[in-house]
Amino acid sequence: MKNIAIFASGTGSNFLAIHKAIKEGKLKANIKLFITDNFESDALKRAKDLHIETYSFNPKEFATKKDYEKEIIGFLSNHQIDLVVLAGYMRIIGATILEQYSNRIVNIHPSLLPLYKGKDAVGQALKARDKKTGVTVHFVDEGIDTGKIIMQEEIRIEPSWDRHDLELQIHKVEHEIYYKAIKKILEVQK
Ligand code: GRF
């Protein structure tokens with residue numbers, strides 16, 4: 001069985017969807033570790049409720065990014081993590097972690113990459129009055145949302161939709177595709 005670590009800073013709905021897929025037997029993996037940079041996040045509360053081991057850190061308490069990333073690597077290697085899954089983690093993964101976990105870190109992004117990398121991809125699609133957008137699961141590299149694409153799904157934007165409607169749809173699709181993409185990667189890793 002492969003071990004995954006979830007990194008999240010916010011609500012954690014993708015984290016829960018992955019957890020649910022595992023419970024339902026759709027994804028064979030263990031969530032061995034949950035890591036957050038936000039002590040107040042709902043995602044952290046949920047991880048604790050699920051009795052998953054957590055590591056919470058405050059980046060401001062470390063002199064450099066390298067210092068807290070070294071600490072994170074300690075946890076990842078102690079838990080023999082095979083794959084790092086970013087699920088709304090609001091920090092850029094730095095060189096220290098990337099060097100050790102290259103091709104073993106995935107992220108989910110609410111756009112059809114390479115379109116609308118970075119912040120507020122949903123807002124950018126709406127502002128451009130695009131007729132479609134989507135969700136992308138990709139490997140993490142040193143760029144921002146530039147890594148190799150693993151899975152992508154389109155969403156048609158209905159003219160009547162406001163931001164809330166589109167976000168609902170995006171989350172729905174994210175919850176369906178993230179675990180499938182993780183499954184695909186873990187199968188290749190065998
Ligand atoms: C998702 O929309 C994802 O695309 C982005 O962050 C959001 C996290 O949502 N990277 P949640 O915390 O999983 O609900």
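Taken over the stretch 119-141, the criterion of being more than 14 Å from the ligand (Cβ to nearest atom) and free of Cβ contacts under 8 Å to residues at least 12 places away in the same chain is satisfied by Lys127, Ala128, Arg129. For the stretch 68-78, a residue qualifies if it is surrounded by 13 or more Cβ atoms within 10 Å (Cβ to Cβ) and without any contact (Cβ under 8 Å) to a residue 12 or more places away in the chain, and exactly one does: Tyr68. Being crowded, with 17+ Cβ neighbours inside 10 Å and basic (Lys, Arg) is a property that Lys32 has.
Listed here are the residues, each with its yes/no results for (1) buried (at least 17 other Cβ atoms within 10 Å of the Cβ); (2) under 30 Å from Asp130 (Cα atoms); (3) not small (Gly, Ala, Ser).
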site: Asp49; (1), (2), (3): no, no, yes
site: Phe62; (1), (2), (3): no, no, yes
site: Gln80; (1), (2), (3): no, no, yes
site: Tyr101; (1), (2), (3): yes, no, yes
site: Pro114; (1), (2), (3): no, yes, yes
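From the list Ala87, Ala125, which residue is over 15 Å from the mean Cα position of the chain (by Cα), open to solvent by less than 40 Å² (accessible area, probe 1.4 Å) and under 24 Å from Val173 (Cβ atoms)?
On the way: Ala87 fails: over 15 Å from the mean Cα position of the chain (by Cα).
Residue meeting the stated conditions: Ala125.
Against the definition (under 25 Å from Ile73 (Cβ atoms), open to solvent by 90 Å² or more (accessible area, probe 1.4 Å) and more than 11 Å from the ligand (Cβ to nearest atom)), how does Lys20 come out, yes or no? Walk me through it before giving the result.
On the way: under 25 Å from Ile73 (Cβ atoms): no; open to solvent by 90 Å² or more (accessible area, probe 1.4 Å): yes; more than 11 Å from the ligand (Cβ to nearest atom): yes.
The answer is no for Lys20.
If I go through the stretch 152-183 residue by residue, how many of them are surrounded by 14 or more Cβ atoms within 10 Å (Cβ to Cβ) and more than 13 Å from the ligand (Cβ to nearest atom)? Within the stretch 152-183, residues that are surrounded by 14 or more Cβ atoms within 10 Å (Cβ to Cβ) and more than 13 Å from the ligand (Cβ to nearest atom) number 5.
Of note, Leu44 does not satisfy the criterion of being open to solvent by 20 Å² or more (accessible area, probe 1.4 Å), within 12 Å of the ligand (Cβ to nearest atom) and of a type in the set (A, V, I, L, M).
The values are calculated or read from the model by the stated rules, or taken from the named source; none is laboratory data. If you're wondering where the values come from, they're calculated on a predicted model, not measured in any experiment. We place every Cβ from the backbone using ideal geometry, glycine too, and count neighbours over all the protein chains shown. Side chains are part of the model used for accessible areas, which takes the heavy atoms of the whole protein and leaves out ligands, DNA and RNA. Shrake-Rupley method; radii C 1.70, N 1.55, O 1.52, S 1.80 Å.
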